[in-house]
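Colleague: Mind having a look at this structure? Questions to follow.
The values are calculated or read from the model by the stated rules, or taken from the named source; none is laboratory data. No experiment lies behind these values; they were computed from the predicted model shown. Here the Cβ positions follow ideal geometry from the backbone for every residue, glycine too, while neighbour counts run over all protein chains shown. Heavy atoms of the whole protein, side chains included, go into the accessibility calculation; ligands, DNA and RNA do not. Shrake-Rupley method; radii C 1.70, N 1.55, O 1.52, S 1.80 Å.
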Amino acid sequence: MPEPVLELDGVEVRYGSVAAVRDVRLRVDEGEIVGLIGPNGAGKSTTLHAIMGVVPSSAGEIRLRGRSLRRKSSESIGESSPGSRSRRTSASGSRRGAGTAGEATRSTPPTTFSRS
Ligand SMILES: Nc1ncnc2c1ncn2[C@@H]1O[C@H](COP(=O)(O)OP(=O)(O)OP(=O)(O)O)[C@@H](O)[C@H]1O
Ligand SMILES: [Mg+2]
């Protein structure tokens, strides 16, 4: 099995005493496009913010190409992410971390991940 591009394993994010997301597991392989769906407040934005390093995770592990993102700044996460080279040379600025996955995989067929 190939190494996943992005892997979340048991990720938890807390806002104060409240766990906004708990035990998030997600694997994105090369060429996959993954959608994250759920009702309002389910934790979609929080999960993406944790991947981007905008909020810290309080448990679990997030790996980009096998390397832990723990203690990395959101800037360095963007630098090491798929598609970062083309993004740096684009005219639309450097703070577009959320677009990274789609940018890296947009020419491939969609695969959908969902949870209730
Ligand atoms: N800055 C914050 N401080 C405290 N609680 C927060 C904060 N941001 C989000 N939450 C809480 O964390 C939980 C997950 O919220 P989040 O915004 O990640 O959900 P979402 O799936 O993106 O929702 P929506 O579909 O409305 O965008 C919710 O209970 C929300 O109230
Ligand atoms: Mg949201």
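Colleague: Residues of segment 20-32 being under 14 Å from the mean Cα position of the chain (by Cα) and open to solvent by 50 Å² or more (accessible area, probe 1.4 Å), which ones?
Modeller: ARG25, ARG27, GLU30
Colleague: Tell me whether segment 35-48 contains one or more residues that are of a type in the set (Val, Ile, Thr), under 20 Å from ALA20 (Cβ atoms), within 16 Å of ligand 2 (Cβ to nearest atom) and surrounded by 18 or more Cβ atoms within 10 Å (Cβ to Cβ).
Modeller: Taking every residue of segment 35-48 in turn, at least one turns out to be of a type in the set (Val, Ile, Thr), under 20 Å from ALA20 (Cβ atoms), within 16 Å of ligand 2 (Cβ to nearest atom) and surrounded by 18 or more Cβ atoms within 10 Å (Cβ to Cβ).
Colleague: Does segment 53-75 hold any residues that are within 16 Å of ligand 2 (Cβ to nearest atom) and either among the aromatic types (Phe, Trp, Tyr) or surrounded by fewer than 17 Cβ atoms within 10 Å (Cβ to Cβ) (or both), and which are they?
Modeller: Listed by number, the list holds a single entry, VAL54.
Colleague: Pull out all pairs, ordered by first then second residue, where Cβ-Cβ is under 7 Å, the residues are six or more apart or on different chains, the first lies in segment 20-46 and is more than 20 Å from GLU61 (Cα to Cα), and the second is of a type in the set (D, E, K, R).
Modeller: Pairs found: GLY38/LYS44; GLY38/ARG115.
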